[in-house]
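Take a look at the structure below.
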Amino acid sequence: DAKTTQPPSMDCAEGRAANLPCNHSTISGNEYVYWYRQIHSQGPQYIIHGLKNNETNEMASLIITEDRKSSTLILPHATLRDTAVYYCIVRALEAAGNKLTFGGGTRVLVKP
Amino acid sequence: GAGVSQTPSNKVTEKGKYVELRCDPISGHTALYWYRQSLGQGPEFLIYFQGTGAADDSGLPNDRFFAVRPEGSVSTLKIQRTERGDSAVYLCASSLSPNTGELFFGEGSRLTVL
């Protein structure tokens, strides 16, 4: 699976949009981009995933660049409960076992 | 419905002791995963089960670690002769099938080896 690069930390203001970048310049054509988050003392939680089209669900939006070498997770209206570590992961969906390889993630602090 | 359940939530043991950690996945989920997370780091893959068999155990650090899932549901992670370096949060996750892309994680079992 391709490696990802994320900033180690970022702050954002409550009520504002939070834009979390992820670089995956070595991504292959059959690899998806997944985002998970981990709130303190909890297990990771799936947020969203995509291949090449932008995706939106009730939690967030995922914007993938046309060359697929980077993506941005958007939390449209950040709340204090969105404070967490956010992980960007790349993997091939058809890879056996659906194993996810977590990196260090981005520690997001939402401030009032 | 119930999520992934892990017991115990906390375990303190002494160096050299044997430890078992239990994971009860979401009902109907055929795939089960064990991860280990050290302080300040992302989760590290240990082993993956599809049904009763271990399909990928490439993440187990050494032969002191072993996991079973005899009936294709509950799984137990077993650690023999524990060492202080085994101290971590052990996370279990399950998914409906190996290809859904969405893993559901439990809250983890925090192991402290004194």
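The values are calculated or read from the model by the stated rules, or taken from the named source; none is laboratory data. Only a predicted model underlies this, so the values are computations on that prediction, with no experimental measurement involved. Please note: Cβ atoms are built from the backbone with ideal geometry, for glycine as well, and neighbour counts cover all protein chains shown.
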Legend entry - Selection status of residue A:85, under 29 Å from residue B:58 (Cα atoms), among the hydrophobic types (A, V, I, L, M, F, W, C), at pLDDT below 95 and buried (at least 16 other Cβ atoms within 10 Å of the Cβ): no
Legend entry - Test for residue A:85: is it touching a helix residue (DSSP H, G or I) at 6+ places or on another chain (Cβ under 8 Å) and assigned to a strand (DSSP E or B): no
Legend entry - Scope the stretch B:1-49; condition within 14 Å of residue B:107 (Cα to Cα), among the aliphatic types (A, V, I, L, M) and more than 10 Å from the chain's Cα centre (by Cα); matching residues: B:2, B:4, B:26
Legend entry - the stretch A:17-39, subset assigned to a loop (DSSP other than H, G, I, E, B) and in contact with a strand residue (DSSP E or B) (Cβ under 9 Å, 6 or more places away or on another chain), residue farthest from residue A:70 (Cα to Cα): A:39
Inset, instruction - Might you check whether a residue that is in contact with a Leu (Cβ under 8 Å, 6 or more places away or on another chain) and farther than 25 Å from residue B:95 by Cα occurs anywhere in the stretch A:97-107? - result: no
Inset, instruction - Please work out which residue is modelled with the lowest pLDDT, limiting yourself to the stretch A:24-59 and to residues that are crowded, with 16+ Cβ neighbours inside 10 Å and more than 14 Å from every other protein chain (Cβ to nearest Cβ). - result: A:27
Legend entry - When residues of the stretch A:4-16 are limited to those that are over 20 Å from residue A:67 (Cα atoms) and out of contact with any Ser or Thr (no Cβ under 7 Å at 6 or more places or on another chain), the one farthest from the other protein chains (Cβ to nearest Cβ): A:15
Legend entry - Filtered residues of the stretch B:77-107 (kept if over 16 Å from the mean Cα position of the chain (by Cα), among the charged types (D, E, K, R) and more than 11 Å from chain A (Cβ to nearest Cβ)): B:81, B:83, B:84
Legend entry - Search result, residues across the stretch B:80-114 that are of a type in the set (A, V, I, L, M) and out of contact with any Lys or Arg (no Cβ under 6 Å at 6 or more places or on another chain): B:91, B:93, B:96, B:103, B:114
Legend entry - Leading residue by the ranking (surrounded by the most Cβ atoms within 10 Å (Cβ to Cβ)) among those in the stretch B:27-61 that are among the hydrophobic types (A, V, I, L, M, F, W, C), facing chain A (nearest Cβ under 8 Å) and under 19 Å from residue B:6 (Cα atoms): B:31
Inset, instruction - Give just the number: which of (1) away from every other protein chain (no Cβ under 14 Å); (2) surrounded by fewer than 20 Cβ atoms within 10 Å (Cβ to Cβ); (3) touching a helix residue (DSSP H, G or I) at 6+ places or on another chain (Cβ under 7 Å) does residue B:74 not satisfy? - result: (3)
